[in-house]
Each structure stands twice: as C-alpha cells, then as structure tokens.
Amino acid sequence: MCLGHETLLARVTLFGKREEVFSLENEFIYMEKYASPQKDIEDEDALIPKKQYVLVEFERPVSLVPGSRLLGTKLDTDINANMCRLASM
C-alpha cells in the first residue's frame with residue numbers, strides 16, 4: 001500500500017453483507033475477491049452481498065488524517081493478465 005511518501009505491506013480481507021445497514025452485531029460473508037455487480041445478474045443463486053467492505057491490516061501502526069488517499073498495488077502480477085493491479089481508497 002502507498003500512503004503519502006511511504007510504501008507499507010498490508011493484508012486485505014474482503015467481506016460483505018446482504019443488508020444495507022452496517023452493524024458489528026451481524027454476521028458477514030467472507031469473500032475471496034471483490035464481487036462484480038455483473039455477476040449478480042448472471043448468477044442469481046450467488047451470495048453477492050449488497051454492501052462490500054475491506055479490512056486493511058498494516059504491518060505496523062500508521063497515522064492517517066481525514067481525507068487521506070490510500071493506493072493499493074499488485075505489481076507482481078502479469079501485465080498482460082485481464083485484472084486490475086491498482087486500487088484507490
């Protein structure tokens with residue numbers, strides 16, 4: 001992850017839920033990858049959550065100011081692969 005002038009290692013966990021309202025008291029659906037809204041149209045039986053969330057766990061504590069931007073990269077993948085290698089949060 002790139003944050004300001006630093007590059008940090010982080011573990012990303014994706015999860016979601018079918019309800020619109022976020023509450024820590026509810027159970028969430030663990031997701032291997034970000035679910036595309038198109039997949040929901042193609043596969044009605046799939047458990048595509050209405051809301052998707054990302055938990056980012058850095059290798060060490062970091063300080064953020066409100067409005068900060070975070071850039072996630074996966075530059076070790078094949079540049080010819082049909083996948084996104086950048087994410088901005």
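The values are calculated or read from the model by the stated rules, or taken from the named source; none is laboratory data. If you're wondering where the values come from, they're calculated on a predicted model, not measured in any experiment. A quick note on method: Cβ atoms are made from the backbone with ideal geometry, for glycine too, and the neighbour counts reach across all protein chains shown.
Within segment 1-18, being in a loop (DSSP other than H, G, I, E, B) and either surrounded by fewer than 12 Cβ atoms within 10 Å (Cβ to Cβ) or free of Cβ contacts under 8 Å to residues at least 12 places away in the same chain (or both) holds for 5, 9. When residues in segment 1-19 are screened for being among the charged types (D, E, K, R) and at pLDDT 85 or above, 2 of them pass. Among the residues making up segment 20-46, those that are touching a strand residue (DSSP E or B) at 6+ places or on another chain (Cβ under 8 Å), surrounded by 12 or more Cβ atoms within 10 Å (Cβ to Cβ) and at pLDDT below 85 are 34, 35. Cβ-Cβ contacts under 8 Å between residues 6 or more apart (or on different chains), taken from a first residue in segment 57-75 that is at pLDDT 80 or above to a second residue that is charged (D, E, K, R), are listed as 57/11; 62/6.
Number of residues in segment 56-84 that are surrounded by 11 or more Cβ atoms within 10 Å (Cβ to Cβ) and part of a strand (DSSP E or B): the value is 5.
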